[in-house]
1. Which of the residue pairs 66/182; 66/148; 71/182 have a Cα-Cα distance greater than 21 Å in the structure shown?
2. Please report the net charge: other residues with Cβ closer than 9 Å to the Cβ of residue 38, K and R +1, D and E -1.
3. From the residues 115, 140, 75, which one has its Cα farthest along the dipole of the range 26-214 in the positive direction, the dipole being from +1 and -1 charges on Cβ of Lys/Arg and Asp/Glu about the Cα centre?
4. Enumerate the amide H contacts of residue 175 below 5 Å, restricted to partners 5 or more residues apart or on another chain; note that Pro and chain-start residues carry no placed amide H.
5. Quick one: what are the phi-derived ³J(HN,Hα) couplings along the range 111-119, Karplus 6.51/-1.76/1.60 with θ = phi - 60°, whole Hz, x for glycine and proline?
6. Determine ³J(HN,Hα), in whole Hz, for all residues of the range 142-150 in sequence, where each value follows from phi through the Karplus function 6.51 cos²θ - 1.76 cosθ + 1.60 and θ = phi - 60°; x replaces Gly and Pro.
Amino acid sequence: MKYKITLLALLLSFIAFSQKSKIRTDDQYSFEAEYGLSLGSSPRIMDMEHWGISFRYMMDRNWGLKFDFAKDRFSEDVESVTVAGNYTRISIQAVNNLGRTLNSMTMNGERLGLLGHAGLGYSSLTSDQYTGTDNIMHLIIGLTPQYKISNSFAVYVDASYIMNYSQHLGFNGLYPNGVGPKTFTGSLVNASLGISYYFGESKSRSDWNSYGKDKDGNRNYD
């Protein structure tokens, strides 16, 4: 129950921020899809079977919310037997346009951008060897460099670090060190390549600078 209250409080705080913000609201929406690799701990295991989708809403030029869903599958051969674990997560995250926050025109211009994101959520881990579900709460933080293709599309590379609390199964679907259910803190790194589709009236306006020219012909960024 306390985790649900925390999630609700986080959501309400950002809604309140959007209502009070004096910065022009652009109402940018985007749908994102990605594929890549995962590196998990306990035991250390890596696999190229990560995919995720997300919906992002930028409330203004700096801040937004992101709701994401992702799946990872890890498999390996242990004593001539293939074992596997299936990791699924849903998260709610705050998103910041770091290029604009850091006032970097290099990473906040017409083509290149940089987003930061962080939040929390729920994860489940199941095993091909055992029945039942390992229910886990997680924290997530990441960086997302972007490249703008058009007003409707951008490609990105995302690197995210996930920390799991109250994890029991290892990512390979086995109990670590052959010991039965025992709580530990696990971690996971995702590195992926993705594409963003912008929609809504403002398209990609919050992520990218638009500009006009002053009387001397110089670019005047908004």
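Nothing in this text is a laboratory measurement; each read-out follows from the coordinates by a stated rule. Since the model is a prediction, treat every value here as computed from it, not as a measurement. FYI the Cβ positions are ideal-geometry reconstructions off the backbone, even for glycines, and counts take in every protein chain you see.
1. On the way: 66/182 32 Å; 66/148 19 Å; 71/182 23 Å.
Cα-Cα > 21 Å for 66/182; 71/182; rest within.
2. Here the charged neighbours net out to -2.
3. Going by the charge dipole, the pick is 115.
4. 170
5. So the J values, rounded to whole Hz, are 10, 9, x, 9, 10, x, 9, 7, x.
6. Residue by residue, the range 142-150 yields x, 10, 9, x, 10, 9, 7, 8, 7 Hz.
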